[in-house]
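Have a look at this one before I ask anything.
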Amino acid sequence: MKQYIYQVATDQKQGVLAFLVGVMLKLLSYIFFFLSSIRFLGYQKGLLKSNSLGKPVISIGNLTLGGVGKTPIVEQIARHLKDKKFKVVILTRGYKGGTQGDEVKMLEENLENVVVLAGANRYHRAVTYLEKNDVDVFILDDGFQHLKLERDLDVVAIDAMDPWGNGSLLPRGILREAISSIKRADVVLITKSDLGERNLNNIKSKLHEVGCQVPVVLSTHSPQCYLDVKTQASYELGHFQSDKVCLISSIGRPEAFEATLKGEVGRVEKSFRFMDHYDYAESDIRTILNFCKDHDIQTIITTQKDAVKLKRWSSLFSEGIRCVYLKINISFLEGKDFLFERVDSLLLR
């Protein structure tokens, strides 16, 4: 049911049933807009309180549901600050407010000596941590709508491939709030600018239309290498250029992952797509492995976010079938200096 509703919200389903469900979701989106507007006005008028941590807070957020690519941005900024010897703590909600989300594990793996605090009440987690530890700066992951916590810099990410969805709010579309709310941002960072290049002018026009005058940073998700999920063996880009492969992903925008691999691999026999944050079962892995055996496929490629969850099944990847994940970094096409000057200024004031 959850997957079907998501497919209706993203206009992937057609027909009479999808139309009727869409009408119902549209009505709910009006209610969502009303309630979220009341909530925002409550904070704006001081009826609801935003809490200060007494330390600089950098928020990395977005307007839409999933798949924008915030986690690599969080990682890049955290690494930049850590290299400058600042004590960085990342605050994240975690999946469903828990502590074992795939993004949390990925950040912990990639950022040595950077603390990641996960939980629905991020203010409480931060205050508790500050009682016994020194912190120079907090990075608030997925923080644009988290108005309970004051922030000093709001970076809002936009997916160039699908910036606004169908333009409707949840649950009829993928917008968490009206596009005009992006006026609250201090920096707009467009991700996957290469894959969504055709949309860049329209995005900039829309920002101007709603009165968002802040600088725009352009970025891409750049592949670095492949790493074996089981052995951590490294493979250079292009290593699988002549291989038949299958893909596994449970991310918000699987098409972006697949587009990144075009020209990088030989022939993609099948792409196994699961819902975002899907928890793989042994039966899923065996189904994929049986498909590989039937089609003489020796290589499975997945995302780093998925690799975190697939490691528990690494013992199944044998008999000549390896599973590797594509490691990526954020690369900047435009506006990098401005972004990091704004970040650095928070610690130097």
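Just want to confirm a number: the relative contact order over the chain, from Cα pairs under 8 angstrom separated by 6+ residues, in percent.
Computed over the chain, the figure is 19 percent.
Express in nm, to one decimal, how much length is gained between residue 338 and residue 3 on full extension, taking 0.36 nm for each residue of separation and deducting their alpha carbon distance.
116.7 nm
So for the stretch 223-328, averaging the separation of alpha carbon pairs under 8 Å that are six or more residues apart and normalising by length, what relative contact order in percent results?
Relative contact order comes out at 38 percent.
For the stretch 187-226 and the stretch 24-38, what is the separation of their C-alpha centers, rounded to whole Å?
27 Å
If I model a spin label as a point 7 Å beyond the Cα along the Cα-Cβ vector, how far apart are those points for residue 49 and residue 267 in nm?
6.5 nm
Also: Give a quick list of GluC sites (Glu not before Pro) in the stretch 129-229 that DSSP marks as loop, anything other than H, G, I, E or B, with at most 12 other Cβ atoms within 10 Å.
131
Additional query: Fully extended, how many nm does the chain gain between residue 293 and residue 127 (0.36 nm per residue separation, minus their Cα-Cα distance)?
Net length gain for the segment: 54.6 nm.
With labels modelled as points extended 7 Å from the Cα through the Cβ direction, what inter-label distance (nm, one decimal) is found for residue 166 paired with residue 145?
1.8 nm
Antiparallel versus total DSSP beta bridges in the stretch 215-336: what percent is that, nearest 5?
Antiparallel bridges: around 45 percent, rounded to the nearest 5.
Using a basic spin-label model with each label point 7 Å from the Cα along Cα→Cβ, how many nm lie between residue 243 and residue 20?
If labels sit at residue 243 and residue 20, their model points lie 4.8 nm apart.
Any chance you could check the Cα centroid distance between the stretch 263-295 and the stretch 82-152 for me, in angstrom?
For the stretch 263-295 versus the stretch 82-152, the Cα centre distance is 32 Å.
Also, I was wondering about something else. Contour minus end-to-end for residue 274 and residue 232, with contour as 0.36 nm per residue of separation and end-to-end as the Cα-Cα distance?
12.7 nm
I would also like to ask the following. If you place +1 on the Cβ of every Lys and Arg and -1 on the Cβ of every Asp and Glu, how big does the dipole about the Cα centre of the stretch 1-142 come out, in debye to the nearest 20?
That gives the stretch 1-142 a dipole magnitude of about 460 debye.
I want to check a number: in the stretch 240-345, how many lysine pairs have alpha carbons closer than 18 Å, given a sequence separation of 8 or more or different chains?
So the count works out to 9.
Values in this text are rule-based calculations from the coordinates and carry no lab data. All values derive from a computational prediction rather than experimental measurement. Cβ: placed from backbone, ideal geometry, glycine included. Neighbour counts: every protein chain shown.
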